[in-house]
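What follows is a single structure, written as structure tokens, with notes after it.
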Amino acid sequence: MTLYARTRVFLEMIKFSHTIFALPFAFTGALLAAGGLPTVSQAGWIVCAMVGARTAAMGLNRVIDAEIDARNPRTAGRAIPAGLLGRGAVICFIVLSVLLMLFAARRLNPLCLYLSPVALGFILLYSYCKRFTALAHVVLGICLAGAPLGAWIAIRGSADLPAYLLAFAVLFWVAGFDILYALQDMEFDQAAGLHSIPAKLGVNGSLWTSRIFHLVACLFLAALYISMHLGTFFLAGLAATCGMLLYEHYLLRGGDLSRLDAAFFNMNGYISVTLFAATLLDRVSTGGM
């Protein structure tokens with residue numbers, strides 16, 4: 001296999017395209033913390049920290065779950081169970097990614113570096129959660145909530161109330177859509193003795209849990225809008241986000257999973273980019289630049 005082909009396999013393994021979920025929220029946190037644009041250096045090191053953390057997280061998950069993935073028809077074609085990448089090569093990528101994350105955190109500020117082991121701990125915990133708790137979706141939400149919280153800390157060197165409001169919004173947003181994504185593996189998880197909200201509550205219970213989580217996410221975003229006295233553009237972005245979440249659940253009404261890809265990837269990608277764009281316009285319109 002050529003280097004180009006191996007790189008494509010690796011990027012597919014870590015779902016590089018799904019970076020669109022977390023990275024815009026990291027920049028949203030940075031914009032709000034800075035009251036405008038962060039410096040080029042800050043933005044660059046935030047990207048490096050995000051890339052390192054996410055690559056390490058996905059690589060670790062694929063290594064730890066390789067045997068489970070091999071038994072699941074939906075995931076049997078993933079790089080490690082399909083023999084496209086060896087465990088040793090993936091572990092090397094994980095180590096390099098962790099080092100990149102730690103170096104970027106050190107370049108940002110000492111608090112980012114001190115908190116890095118906490119982030120890595122949650123990343124490791126998530127990879128084992130499905131073996132003992134249905135709350136794996138919440139742990140994943142905590143992992144991705146670290147994106148805006150970490151970016152805020154990177155800018156200010158501290159964590160303030162608005163940073164936590166945005167982080168909790170991301171937590172419940174991610175947990176909500178991960179529940180929907182896990183519906184694909186509900187029957188396999190039940191047969192394999194793995195834990196998830198779908199395996200525990202079934203389709204209808206999962207849909208309602210996801211709806212509640214997304215409602216809570218919208219409430220946290222509304223609290224962020226109020227606490228920071230944000231402007232019309234952010235409010236419009238919040239309204240659009242709520243509308244897209246409603247449409248996401250409309251697509252899956254009645255437990256129809258045939259449009260899960262559109263509901264999961266398309267809508268949630270639009271949400272993260274829309275809220276970032278709304279925040280950027282809000283900062284421009286209020287003279288934050």
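The values are calculated or read from the model by the stated rules, or taken from the named source; none is laboratory data. Quick caveat, the model's predicted, so the values are computed rather than measured. Cβ atoms come from the backbone with ideal geometry, glycine included; neighbour counts cover every protein chain shown. The area values use the complete protein model at the heavy-atom level, side chains included, leaving out ligands, DNA and RNA. Shrake-Rupley method; radii C 1.70, N 1.55, O 1.52, S 1.80 Å.
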Across 10 Å bins beginning at 0, the whole-percent shares of Cα-Cα pair distances in the chain come to 7, 28, 35, 23, 7, 0
With a Förster distance of 45 angstrom and the Cβ-Cβ distance between residue 187 and residue 89, calculated FRET efficiency to the nearest 0.05 equals 0.90
Log10 I(q)/I(0) at q = 0.15, 0.19, 0.22 Å⁻¹ for region 156-289, from Debye over equal alpha-carbon scatterers, is -0.74, -1.03, -1.25
If the chain between residue 200 and residue 70 were fully extended at 0.36 nm per residue, the gain over the current Cα-Cα distance would be 44.6 nm
In the chain, taking the dipole from +1 charges on Lys and Arg beta carbons and -1 charges on Asp and Glu beta carbons about the Cα centre, the listed residue (144, 205, 88) farthest towards the positive end is 88
Ignoring trypsin sites (Lys or Arg not before Pro) buried by more than 14 other Cβ within 10 Å or outside DSSP loops, the longest site-free run in the chain is 132-289
To the nearest 20 debye, the chain has a Cα-centred charge dipole, built from +1 on Lys and Arg Cβ and -1 on Asp and Glu Cβ, of 480
For region 182-198, in residue order, the Karplus 3J(HN,Hα) values (coefficients 6.51, -1.76, 1.60; θ = phi - 60°; whole Hz; Gly and Pro = x) are 6, 4, 4, 10, 4, 5, 5, 4, 5, 5, 8, x, 8, 10, 6, 4, x
Heavy-atom accessible area of the chain with neighbours in place, 1.4 angstrom probe: carbon+sulfur share in percent works out to 69
If every Lys and Arg gets +1 and every Asp and Glu gets -1 at its Cβ, then about the Cα centre region 148-245 yields a dipole, in debye to the nearest 20, of 260
With N residues in region 1-139, Rg(alpha-carbon) / (2.2 N^0.38 Å) equals 1.13
Once the dipole of region 130-289 is set up from charges on Cβ (+1 Lys and Arg, -1 Asp and Glu), the residue from the list 286, 132, 238 lying farthest towards its positive end is 286
